[in-house]
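Worksheet for the structure shown next.
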Amino acid sequence: MNLSNKILIGLVLGVAAGLVVGPEGLGVVKKWIAPFGTLFINMIKMIIVPLVLASLVVGASSLGDVRKLGRIGGKTIVFYLVTTAVAVVIGIVMSLVMSPGSGLQLPANAVYKGKEAPPLMDVFVNMVPTNVIQAMLNADMLQIIVFALFVGIGITLVGERAKPVESFFDGLAEVTYKIVGVIMAFAPIGVFALILPVVAANGPKVLIPLAKVIAAVYIGCLIHMSITYSAILKLLVDFSPVRFFKGILPAQMIAFSTCSSAATLPVTMKNTQENLGVSKEVSSFVLPLGATINMDGTAIYQGVAALFVAQIYGIDLSLSQMLVIVLTGTLASIGAAGVPGAGLIMLTLTLQSVGLPLEGIALIAGIDRVLDMARTTLNITGDAVASVFIQRAEDKVEKAGVSA
Ligand code: ASP
């Protein structure tokens with residue numbers, strides 16, 4: 001049986017067991033089963049820093065020239081911005097159509113004591129690490145990406161004498177890929193142990209009052225996946241959507257159960273390289289960047305949640321306010337880290353931008369994990385679509401170059 005099916009079985013069994021166990025059994029589950037999930041996540045996290053560093057250094061140096069890097073970088077960022085903005089619009093439309101907030105009442109004493117969202121300019125300035133070791137200690141993905149790009153460019157510029165450095169990183173990258181393969185053998189158990197406590201804690205009683213907002217986020221994610229992404233793949237780069245979704249399924253299941261794009265990254269890289277024909281150069285640049293800044297699921301959620309809060313308070317938003325939400329929702333999703341619950345923290349930014357009361361967040365905070373599962377799954381799927389898109393576009397450029 002292939003790994004994908006095994007992970008699927010782990011997921012389904014975990015959901016079923018969670019429903020049977022329910023909130024009553026949560027204590028036992030947390031004590032004896034959840035640790036296996038944590039162990040799995042720890043193993044993946046263990047490999048992220050060396051994996052991203054080594055593969056991106058190799059990727060950047062094997063591109064051979066800085067112009068090519070600039071071209072890929074430019075395309076990637078435009079792709080990410082456009083798809084994210086489309087995602088926020090889908091989120092807004094979902095809320096307009098389904099009105100998940102109307103009829104709901106905020107408990108009189110609702111307070112939301114959220115963490116402060118980081119100022120966006122900080123995200124930009126902090127991209128460059130002042131200390132590489134510190135960046136690795138913090139597993140700060142953007143900083144590691146920037147450093148790796150510099151090393152790759154340095155290797156290219158030095159040429160012959162930098163060969164040993166290049167082969168060191170090349171060997172290291174291969175070793176980390178192999179380790180990911182080994183860790184993945186544990187994925188079915190990891191996924192089972194991760195999903196069980198979530199389902200046990202979020203029984204039907206917790207979810208039903210907020211069923212509409214959950215449906216709005218899930219349907220929004222499905223629409224973006226099946227329409228936007230399929231159209232991009234089919235129409236722009238002639239890649240079979242069926243092949244794509246089959247190939248990326250293992251990463252999607254890991255994302256669904258870990259709620260972390262960063263933790264899913266090694267699997268996303270493995271799937272795109274092995275199943276979707278994306279080269280190491282492209283995947284090692286496009287995917288770590290995407291896991292950090294490209295979050296279409298988080299963007300949909302920003303759109304849905306902003307309108308949801310407005311509806312609870314009976315506030316009618318004007319078209320220009322909705323445009324502001326598209327803008328801040330996009331920025332908020334860029335600023336969100338690839339870790340569980342990051343999108344919820346960034347929601348304060350989106351709500352504040354149009355003066356919506358932050359207390360509204362209290363209502364959905366309780367079920368955030370369930371929304372996070374859908375948005376993280378979409379987040380990593382969007383990164384993978386980008387990697388296929390960029391790969392195909394680069395292939396075309398290269399072909400044109402050869403025949404010219
Ligand atoms: N958990 C999401 C991710 O890692 C971010 C979010 O909370 O929206 O992609």
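Bear in mind that the values in this text are calculations on the coordinates, not laboratory data. In this text the structure is predicted, and so the values were computed from the model without any measurement. Counting neighbours? That spans all protein chains shown, and the Cβs are built from the backbone with ideal geometry, glycine included.
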Among (1) surrounded by fewer than 24 Cβ atoms within 10 Å (Cβ to Cβ); (2) among the hydrophobic types (A, V, I, L, M, F, W, C); (3) part of a helix (DSSP H, G or I); (4) within 9 Å of the ligand (Cβ to nearest atom), the one test that Val339 misses: (3)
Condition check for Val324: surrounded by fewer than 19 Cβ atoms within 10 Å (Cβ to Cβ) and within 13 Å of the ligand (Cβ to nearest atom): no
Residue count for region 208-218, restricted to those that are among the β-branched types (Val, Ile, Thr), under 16 Å from Thr298 (Cβ atoms) and surrounded by fewer than 24 Cβ atoms within 10 Å (Cβ to Cβ): 1
Options Ala201, Ala263, Ala215; residue that is under 24 Å from Trp32 (Cα atoms) and under 20 Å from the mean Cα position of the chain (by Cα): Ala263
Flag if Val309 is outside any loop (DSSP other than H, G, I, E, B), out of contact with any strand residue (DSSP E or B) (no Cβ under 8 Å at 6 or more places or on another chain) and either without any contact (Cβ under 8 Å) to a residue 40 or more places away in the chain or within 13 Å of the ligand (Cβ to nearest atom) (or both): no
Residue in region 293-304 that is among the small types (Gly, Ala, Ser), more than 14 Å from the ligand (Cβ to nearest atom) and either part of a helix (DSSP H, G or I) or surrounded by fewer than 24 Cβ atoms within 10 Å (Cβ to Cβ) (or both) present: no
Subset of region 118-134 that is in a helix (DSSP H, G or I) and under 20 Å from the mean Cα position of the chain (by Cα) - its residue that is surrounded by the fewest Cβ atoms within 10 Å (Cβ to Cβ): Phe124
Qualifying residue in region 184-197 (condition: assigned to a helix (DSSP H, G or I) and surrounded by fewer than 18 Cβ atoms within 10 Å (Cβ to Cβ)): no
Region 349-372, residues that are within 13 Å of Ala211 (Cα to Cα), part of a helix (DSSP H, G or I) and within 16 Å of the ligand (Cβ to nearest atom): Ile364, Asp368, Val370, Leu371
Candidate set from region 219-262 (those that are of a type in the set (Gly, Ala, Ser) and surrounded by 24 or more Cβ atoms within 10 Å (Cβ to Cβ)); member that is farthest from Thr376 (Cα to Cα): Gly220
